[in-house]
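First up is the structure itself, then whatever we jot down about it.
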Amino acid sequence: MDTELILGFEIHTELKTASKIFCGCPTVFGAPPNTQVCPVCLGLPGVLPVLNERAVEFALRTALALGCDIPGRATFDRKNYHYPDLPKNYQISQNYHPFGTGGAVEITLRDGTAKRIRINNIHLEEDAGKLLHSEVPGADWSVVDLNRAGVPLIEIVTEPDFRTPEEAQVFMQTMRSILRYIDVSDCKMQEGSLRFEANISVRRRGDTALGPKVEIKNLNSTKTVLRCIEHEFERQTEMLERGERVAQETRLWDEVRGCTVAMRSKEFANDYRYFPDPDLVPVLITAEMRERVAASLPELPAPRRRRFAEEFGLPEYDAAILTVDRAVADYFEEAVRICGKAKPVSNIIMTDVLAHLNDHGLDMEDFPVPARSLAALIGLMEEGVISTKIAKTVLRRMIETGKEPRQIVEEEGLIQISDTPALEAIVDQVIAANAAAAEEYRAGKDKAKGRLVGEIMKASRGKANPALVNELIDRRLRG
Amino acid sequence: MGLKPTYGRVSRYGLVAYASSLDQIGPLTRTVGDAALLLQAIAGHDPLDSTCAEVAVPDYTAGLREGLRGVRIGVPKEYFVAGLDPEVERAVRGAVEKAAELGAELVEVSLPHTPYAVGVYYLTATAEASSNLGRYDGVHYGHRAEGAASIVDLFSQSRREGFGEEVKRRIMLGTYALSAGYYDAYYLRALRVRRLIKQDFDRAFERVDVIAAPTAPTAAFALGAMADDPLEMYLTDIYTISCNLAGLPGISLPCGLTGDGRPVGLQLFSPAFSEERLLGVAGALEGVLGPAGAPPNL
């Protein structure tokens, strides 16, 4: 049966505010259980919430970055459901008047085509606590950690606009990139500060009505999301092929078994009974507020990518990679501002710098070589002091020692040999030792030259100026 | 006597919530002067309560001896209708006449949405209560049932055992009012009618300074007397509910006894954040109606 995937996301992002959304407790990740709590986030009888203004600013920043319509007045609602990680047994969220509606994210697929993913709404809410299931064998109890209860969250709800796993994958990267650019969240999926929930349905290609959607929770990495989409697409397609009806339900991703499993409906079949929270007053969003937040937004990844391609004459590929992470893009721009050589800077960042970060699990902010020093390294290359190959060695030494490139080059004698008499000696030596290759090249076999160049580079420990080596070989053998 | 301040006049922080948009702390005292002193102590802005108003707190004792000359007292015609006990009506009208003798001007006013107040109140209050009382589930707060087989059983058994009949009735009523498919017809409509009730008062206060009315349609009834007929009991709230829904200050003071010695209450309302006016009028009336006296032997 020819079926198509229909997918939408609900994205939860923990905001990097210093304190929780409705009280002054800190939001630091990883503290011992129940040490970052107070009467308000514990939901003690008699307490009241007071809204964190910074969380509102972050919500507005996100809404503006995603092109949402922002209302003049936003309100909070209570979402009522019983669960042990939710001490009040209601979550303060937004149902009727959220901070943003509409909007879209543009994604660029691998073949270069662009696609618009529509946003339904963006709302602000409090996170719940966490249940820690007992490691005691046979225990029939769990314990509750409420450190996370009350951490501000933004939920971004997309329309069901995804048709392929690739679109989902690119979107997840793009969304993470945008949220990090606007500095509202650290977006660490492994710590739960960025969580994707997928709503998946499958329909016969050509049908226009949407099938019953399956909501999937517990997806804690991009890889898991993609595996889950593929699995769920197959599962639902097979059900349709067998003529079965897909149930509208919530399923959990089971990492061990690599499949989704139904949640017990008795516990989770909820009517949330949303109503306006009488403990909070409406947030009035003035034109000045909107303008102030808009003015605080940085250049976003998509326009920055276009600008990098145009302003620096970079290939689309380079521009895309350099702009995924705001810190990488800033680093690139600073180095280019100093040395003026965009493509060489791009090359060394895309290969050596990003590989180093990737290998060591570091962020750009943790990279020990300042942009100024990288610019100096590119300067040495451009002046012909060192070759591209040596530059890679020097960069490694810069990372290890923190020294400036010129000092490393001088101390370790890595300066390129561009001195003709010195190089002539090496060339003669290599020709003498590789008489057969030399004879072949003299006889017109161009390929033989590569072997000679390789030997000369080896003999000079990579320092020989390649252009000069080529010239000297020709002078000797074809002169 | 009892004073219910303007919604937002006194912080609710620390007050165990029942109906958050209606809950308001107020003094219950022997005299109007004591109520003024207590309100002086508890009124004012609190950064821990977002619904607590940033309105300056006046000197509440200053107006207590000002007298009633020139004060326009509104008498709402919708409060003197069928269902009002004749003995209660006599005592309340008597008190209002005394105010006129002291120089107050009596003006008939209309609060046309009064008949809807009980319905609006019991939808709003129970809806909010159903959510506020959610936390008493035996996990974090409240009674915890023994021997529950699952988390869902723990919730339902604890709540079944821990709450009383009237509380359970209100939780169920409120849960129903907020349920999918009913929200628009009940809760949302109640919010709209609540605004109309508030507008009634705004219009009336264009013509008068305070409004006087019976506090309840009957004198006090015996404890548990209406336990079998909750609806009848809810209806006795009819006169006190409107000012609560409108968020306005109200004060109730004793204005006489029935033939069998049960106390009758007179209440006064005034515009939002004008408790000093309310206390002034109540203080002057207290002078002629006499102090509350000892509670009757029920």
State the dimensionless ratio Rg/Rh of the protein assembly as shown (Rg: radius of gyration of Cα atoms; Rh: Kirkwood radius).
1.16
Note, region B:182-193: 3J(HN,Hα) by Karplus (6.51, -1.76, 1.60, θ = phi - 60°), whole Hz, Gly/Pro = x, goes 10, 3, 5, 6, 10, 5, 5, 5, 4, 4, 5, 5
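Could you tally the net charge around A:Ser93, taking each other residue with its Cβ under 10 Å from the Cβ of A:Ser93, Lys/Arg +1 and Asp/Glu -1?
Details: positive: A:Arg78, A:Lys79; negative: A:Asp77, A:Glu125, A:Glu126, A:Glu155, A:Asp277.
Here the count lands on -3.
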Work out from phi, with θ = phi - 60° and the Karplus expression 6.51 cos²θ - 1.76 cosθ + 1.60, the ³J(HN,Hα) of each residue of region A:97-103, listed in order in whole Hz, and give x for Gly and Pro.
9, x, 6, x, 10, x, x
GNM of chain B, Cα pairs under 10 angstrom: of B:Leu48, B:Leu223, B:Leu133, the biggest fluctuation goes to B:Leu223
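Loop-only GluC sites (Glu not before Pro) in region B:217-298, please: DSSP not H, G, I, E or B, and at most 16 other Cβ atoms within 10 Å.
Sites meeting the loop and neighbour criteria: none at all.
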Translational diffusion of region A:299-411, µm² s⁻¹ [Kirkwood Rh, Cα pairs; Stokes-Einstein; 25 °C; 0.890 mPa s]:
174 µm²/s
With θ taken as phi - 60° and the coefficients 6.51, -1.76 and 1.60, list the Karplus ³J(HN,Hα) couplings across region A:369-377 in order, rounded to whole Hz; mark glycine and proline as x.
8, x, 4, 4, 6, 5, 4, 5, 4
Within the set A:Lys16/A:Lys343; A:Lys16/A:Lys217; B:Lys98/B:Lys198, which residue pairs have Cα atoms separated by over 31 Å?
A:Lys16/A:Lys343
Under 13 Å Cα-Cα from A:Lys341, which aspartates and glutamates qualify once same-chain neighbours fewer than 8 residues away are excluded?
A:Glu311, A:Glu333, A:Glu382, A:Glu383
Chain B, helix-only ellipticity at 222 nm - DSSP H runs n ≥ 4, -39,500 (n - 2.57), divided by all residues, nearest 500:
-12000 deg cm²/dmol
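What trypsin sites (Lys or Arg not before Pro) does region A:79-161 have in DSSP loop regions with at most 14 other beta carbons within 10 Å? If you can, show how the numbers build up before the last one.
On the way: sites: A:Lys79, A:Lys88, A:Arg110, A:Lys115, A:Arg116, A:Arg118, A:Lys130, A:Arg148; in loops: A:Lys88, A:Arg110, A:Arg148.
Passing both the DSSP loop test and the Cβ count: A:Arg110.
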Magnitude of the charge dipole, region A:420-477, Cβ model with Lys/Arg +1 and Asp/Glu -1, debye to 20
180 debye
With a sphere of radius 12 Å drawn around the Cβ of B:Gln24, what net charge do the other residues whose Cβ falls strictly inside it have (Lys, Arg +1; Asp, Glu -1)?
0
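Which of A:Trp253, A:Trp141 comes first, and how do the rest follow, when ranked by fewest Cβ neighbours within 10 Å?
A:Trp141, A:Trp253
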Using Cα positions and a limit of under 17 Å, work out the aspartates and glutamates in reach of A:Lys449, with same-chain residues fewer than 8 apart set aside.
A:Glu424, A:Asp428, A:Glu439, A:Glu440, A:Glu471, A:Asp474
GNM result for chain B, Cα springs below 10 Å: residue of B:Asp229, B:Asp85, B:Asp59 fluctuating most strongly
B:Asp229
For region A:3-289, whose charge dipole is built from +1 on Lys and Arg Cβ atoms and -1 on Asp and Glu Cβ atoms, the candidate among A:Pro32, A:Pro212, A:Ser134 with its Cα farthest towards the positive end is A:Pro212
Mind checking the dipole of chain B: about its Cα centre, +1 per Lys or Arg Cβ, -1 per Asp or Glu Cβ, Debye to the nearest 20?
340 debye
Are there any GluC sites (Glu not before Pro) in region A:322-418 that are in a DSSP loop and have at most 11 other Cβ atoms within 10 Å? List them by number.
A:Glu383
Built amide H within the under 5 Å cut-off of A:Ile285, gap 5+
A:Arg73, A:Ala74
Given H placed 1.01 Å from N in the peptide plane, which residues other than close sequence neighbours of B:Val109 have an amide H under 5 Å from its amide H?
B:Val75, B:Lys77
Which one, B:Ala19, B:Ala127, B:Ala185, has the greatest fluctuation when you compute a Gaussian network model over chain B with C-alpha springs under 10 angstrom?
B:Ala185
Can you tally the net charge around B:Ala35? Count Lys and Arg as +1, Asp and Glu as -1, for every other residue whose Cβ sits under 12 Å from the Cβ of B:Ala35.
-2
Would you pull out the residues with amide H under 5 Å of A:Gly100's amide H, same chain only if 5 or more places away, H placed 1.01 Å from N?
A:Ile122
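Treating the beta-carbon of each Lys and Arg as +1 and of each Asp and Glu as -1, no other charges, what is the dipole magnitude of region A:367-441 about its Cα centre, to the nearest 20 debye?
The calculated dipole for region A:367-441 is roughly 560 debye.
Taken together, the values in this text are just the output of simple stated rules run on the coordinates, not laboratory data. Just so it is clear, the model here is predicted, and its values are computed rather than measured. Quick reminder, even Gly has a Cβ in these numbers, built from the backbone with ideal geometry, and neighbours come from all protein chains shown.
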